[in-house]
Amino acid sequence: MADLSSLADPSLDQKTRIDRYKQALSQLLGSPDVSGLKAFVEHVASESVALVVSRQVLSDFAAALAPDKFSADQLKELGLFVLERIGARLSSFEEQASTIRERLAAVYEQEEEWTLAAKMLAAIPLDSGIRVLEDDYKIDKYIHIAMLFLQDEESVSAETYINRASLLISDATDGTLRLKHKVCYARILDSKRKFLEAATRYYQLSQLAQRTFGTMQVSDEEVVTALRMATTCAILAPAGPQRSRMLGTLYKDERTQSLSHYSVLEKMYMERLLRPAEVTAFASSLATHQKATLEDGSTVLDRAVIEHNMLAASRLYANITFEQLGALLGIDAAKAERVAASMLMEKRLQGSIDQPELRLHFEHLPASADADSESADALHAFDAQIENICRSVEAVANSIAAKHPELVVVAATGA
């Protein structure tokens, strides 16, 4: 430590002191001597060393914390030690701390410690005002943090950071970030069991006309994966008119015929009863969060299949007792009544319950009513498309006006 103290000799000019510290650091890195490096950091981070010198030397130290020089354990030990020592003066060493956090997060990620990696990156101050950071850098970090949380099924934390990215994504200059944002958002909706919204997002990704985003190239395999995820989420979504429309869109897409669970999609769309063997085969392809247990002890898939088979039964019967319905759905009569009551209340099933007779009566809409409903849906979809196009054109016009105001003047004067 005596030698290190001599490096801070105030009689030496600043450049000489920095050079001497860098030389000492280089010698310690040659070993690498972990205990010696800790003593070095302890000294450099102390208030006895001028701040301008400390910053420069710790920047070099942070840059040297790389897997080609240290083992994962050494890197974590040193990185965490530095963060602890500069914690009291963090605002003075924000850039150095951020670099170290990125290095530590990379190690945690390699070790599949997803939440630790996410929290390490989340501790990087992106809006402190001390550093001027590009929006693309912030967006990249927010998306990366969200994706890491998703790896551990931490959908609530993931949503927090993807929402922060969403506030900036319109200003992103890197097309790769826009694509990553869309993928991450779809995965979060999926993880939060908002399956209908997730299915829509996944399907949009499967229809990408552009396959190149910056340095990223979307492969055919990734497009098929997005289509498969869209189909899975549509199948898991609560039964109802919106889900039926999504199933119809997927069923009419010829690409889905090559998917392993196409038969389930077909039966769902055609409103045919699903058999236990088909459900079991489909369940084996689900992710962990898609097998989640609900409040009543059933799974998401159980709920989707029961509600689907309820709708399928409504096509086969004018009325049915809950005892018979339960046997058909593979559940007890009381649960069959609860499911029917819930679907009736939410307008996802047409009919009524005869409580004294414990019987469910189905209402069948006339063909003309179905046609009118489909026509109205088509008109609403068309209106939504026109609205999206108008918004896109307006956004482009505003962007042009902001970058080339002279064009707006020319257009206004007619010159």
For H261, all conditions in the list (1) surrounded by 17 or more Cβ atoms within 10 Å (Cβ to Cβ); (2) under 17 Å from L316 (Cβ atoms); (3) out of contact with any Leu (no Cβ under 9 Å at 6 or more places or on another chain) hold save one; what is the number of the exception? (2)
Evaluate the following for V132: is it surrounded by fewer than 19 Cβ atoms within 10 Å (Cβ to Cβ), without any contact (Cβ under 8 Å) to a residue 60 or more places away in the chain and not in a helix (DSSP H, G or I)? yes
Quick test for you: out of K252, K267, K194, pick the one residue that is out of contact with any Ser or Thr (no Cβ under 8 Å at 6 or more places or on another chain) and within 17 Å of N309 (Cβ to Cβ). K267
Would you mind stating whether R338 is at pLDDT below 90, under 30 Å from K192 (Cα atoms) and assigned to a helix (DSSP H, G or I)? no
S219 of a type in the set (G, A, S) and touching a His at 6+ places or on another chain (Cβ under 8 Å): no
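Conditions tested, residue by residue: (1) at pLDDT below 90; (2) of a type in the set (D, E, K, R); (3) surrounded by 14 or more Cβ atoms within 10 Å (Cβ to Cβ).
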residue: Y269; (1), (2), (3): no, no, yes
residue: T299; (1), (2), (3): yes, no, yes
residue: A334; (1), (2), (3): no, no, no
residue: L344; (1), (2), (3): no, no, yes
residue: P366; (1), (2), (3): yes, no, no
residue: A371; (1), (2), (3): yes, no, no
Quick one: in segment 261-283, which of the residues that are outside any loop (DSSP other than H, G, I, E, B) and over 31 Å from the mean Cα position of the chain (by Cα) is nearest to G330 (Cα to Cα)? P276
Determine if segment 76-85 includes at least one residue that is aliphatic (A, V, I, L, M), on the phi < 0 side of the Ramachandran plot and surrounded by 21 or more Cβ atoms within 10 Å (Cβ to Cβ). yes
Go through (1) surrounded by 15 or more Cβ atoms within 10 Å (Cβ to Cβ); (2) more than 30 Å from E153 (Cβ to Cβ) for E102 and report which single condition fails. (2)
Quick one: E307 ticks every box in (1) of a type outside the set (K, R); (2) modelled with pLDDT of 90 or more; (3) part of a helix (DSSP H, G or I) bar one, so which box is it? (2)
Determine which single condition D73 fails, assuming it passes every other condition in (1) without any contact (Cβ under 8 Å) to a residue 12 or more places away in the chain; (2) assigned to a loop (DSSP other than H, G, I, E, B); (3) not basic (K, R). (2)
Look through segment 153-189, keep the residues that are acidic (D, E) and within 12 Å of the chain's Cα centre (by Cα), and return whichever of them is nearest to T225 (Cα to Cα). E153
Kindly provide the set of residues from segment 268-293 that are under 24 Å from L316 (Cβ atoms) and in contact with a helix residue (DSSP H, G or I) (Cβ under 7 Å, 6 or more places away or on another chain), ordered by number. M268, Y269, E271, R272, L273, L274, E278, V279, F282
Taking the condition surrounded by 18 or more Cβ atoms within 10 Å (Cβ to Cβ), under 24 Å from I139 (Cβ atoms), under 33 Å from the mean Cα position of the chain (by Cα) and of a type in the set (A, V, I, L, M, F, W, C), does A97 pass? yes
It is to be established whether one or more residues within segment 145-154 are touching a residue at least 12 places away in the same chain (Cβ under 8 Å), surrounded by fewer than 18 Cβ atoms within 10 Å (Cβ to Cβ) and part of a helix (DSSP H, G or I). yes
Could you go through segment 311-334 and let me know if any residue there is touching a residue at least 12 places away in the same chain (Cβ under 8 Å), within 30 Å of I188 (Cβ to Cβ) and out of contact with any strand residue (DSSP E or B) (no Cβ under 7 Å at 6 or more places or on another chain). yes
I'm checking my understanding of the structure. Among residues of segment 97-129 that are touching a Leu at 6+ places or on another chain (Cβ under 9 Å) and outside any helix (DSSP H, G or I), which one is modelled with the highest pLDDT? A123
Restricting to segment 230-245, count the residues that are buried (at least 23 other Cβ atoms within 10 Å of the Cβ) and assigned to a helix (DSSP H, G or I). 8
Among the candidates E154, E94, E134, E84, single out the residue that is of a type in the set (D, E), touching a Phe, Trp or Tyr at 6+ places or on another chain (Cβ under 9 Å) and at pLDDT below 95. E154
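The values are calculated or read from the model by the stated rules, or taken from the named source; none is laboratory data. Everything numeric in this text was worked out from a predicted model, so none of it was measured. Using ideal geometry, Cβ is built from the backbone for each residue, glycine included, and neighbour counts are taken over all protein chains shown.
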